[in-house]
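Right, one structure below, let's go through it.
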Amino acid sequence: MMFKWKLMVSTLPYVAAALVCKLVLVKAVGFKGYIEFAEVGLVLTGGVFLIGFMLAGTMADYKESEKLPAEMACILETIEETFAQAAVGRPQLDETAGRRAVRETAVAVREWLFKKISQEQLFARLTGLATTIHELEKAGAGSYAGRALAELHNLRKVVTRVAVISRTGFLASGYALLETLTAAIVVLLMIAKFKSLVAELILVSFVTLIYTYMLGLIRDVDDPFEYSETGARGAAEVDLFPLDEYIARSGREGAKEPA
């Protein structure tokens, strides 16, 4: 529930600063403004259009990102089931070692998402899983090895896609324009004239809140995998529960394996 209000709480200081500046100009300096608030409408409309454009662009990647943790969990579980199938009728094949390797890979993926290990270390773990899969072929389960390697290839693609989404921002020039426009709107609010002090305080706080909040939201949505070692940094991160649930499930299943 706290994450729901995290961005709002971080935006409030900017709103408070704008209100204080306006009150100082009106009460302490006696500044009444140069332009009518209605004349600022065109700039506000342009800002709304730009916010909609930027949000639509970042949401496209965000909607794709929501699917990726589930895809990773499904791929890992499929590889684990492939080890189980390959072990049927092949006592020389160590099913427990295969399951353990898949679970260790899942844990490595989660640690990478939380910035506990580097991407190079994660890919080294994937290479280690490939080595374990090669044992299937040595044990005479060649078709199962081919299936597992195909799924491992899919896992590499998903992991790489996550890295690209996380490290690639959406239109830096668009952010530059949006930031400039937001600052210009706040300045225009400072020099605008209002019919009453109540309307002045309400409109200054409301407009400042909308633009600063939406700027922060777009930046947050732009990196849906912004995790750190302590947890989610932003308020709009993709939920990793499919991966967490698979790790917990594989742990319980692994505990049932005979020693």
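Listing for the model above:
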| read-out | value |
| --- | --- |
| Residue 243 being touching a helix residue (DSSP H, G or I) at 6+ places or on another chain (Cβ under 6 Å), over 20 Å from residue 22 (Cβ atoms) and modelled with pLDDT of 90 or more | yes |
| Only one of 163, 124, 150 that is touching a residue at least 12 places away in the same chain (Cβ under 8 Å) and either of a type outside the set (S, T, N, Q) or touching an Asp or Glu at 6+ places or on another chain (Cβ under 7 Å) (or both) | 163 |
| Residue 234 in contact with a helix residue (DSSP H, G or I) (Cβ under 7 Å, 6 or more places away or on another chain) and either outside any helix (DSSP H, G or I) or crowded, with 20+ Cβ neighbours inside 10 Å (or both) | yes |
| Residue that is farthest from residue 182 (Cα to Cα), among those in region 1-43 that are of a type in the set (Ser, Thr, Tyr) and under 37 Å from the mean Cα position of the chain (by Cα) | 10 |
| Subset of region 26-38 (residues that are under 12 Å from residue 194 (Cβ atoms) and either small (Gly, Ala, Ser) or not in a loop (DSSP other than H, G, I, E, B) (or both)) | 26, 33, 35, 36, 37, 38 |
| Any chance residue 56 is surrounded by 14 or more Cβ atoms within 10 Å (Cβ to Cβ), of a type in the set (Gly, Ala, Ser) and either without any contact (Cβ under 8 Å) to a residue 60 or more places away in the chain or not in a helix (DSSP H, G or I) (or both) | no |
| Test: residue in region 84-92 that is in contact (Cβ under 8 Å) with a residue 24 or more places away in the chain, outside any helix (DSSP H, G or I), out of contact with any Asp or Glu (no Cβ under 6 Å at 6 or more places or on another chain) and not β-branched (Val, Ile, Thr) | yes |
| Hits in region 207-230 (condition: among the small types (Gly, Ala, Ser) and assigned to a strand (DSSP E or B)) | 228 |
| Residue among 109, 102, 186 that is under 19 Å from the mean Cα position of the chain (by Cα), crowded, with 17+ Cβ neighbours inside 10 Å, of a type outside the set (S, T, N, Q) and in a helix (DSSP H, G or I) | 109 |
| Filter result for residue 81 (modelled with pLDDT of 85 or more, more than 25 Å from the chain's Cα centre (by Cα) and under 27 Å from residue 154 (Cβ atoms)) | yes |
| Yes/no for residue 70 being over 16 Å from residue 156 (Cβ atoms) and assigned to a helix (DSSP H, G or I) | yes |
| Out of 49, 31, sole residue that is out of contact with any strand residue (DSSP E or B) (no Cβ under 9 Å at 6 or more places or on another chain), of a type in the set (Phe, Trp, Tyr) and within 19 Å of residue 201 (Cβ to Cβ) | 31 |
| Within region 6-53, considering residues that are aromatic (Phe, Trp, Tyr) and exposed (fewer than 12 other Cβ atoms within 10 Å of the Cβ), the one nearest to residue 235 (Cα to Cα) | 49 |
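The values are calculated or read from the model by the stated rules, or taken from the named source; none is laboratory data. Just so it is clear, the model here is predicted, and its values are computed rather than measured. When we count neighbours, we look across all protein chains shown, and the Cβ atoms used for this are built from the backbone with ideal geometry, even at glycine.
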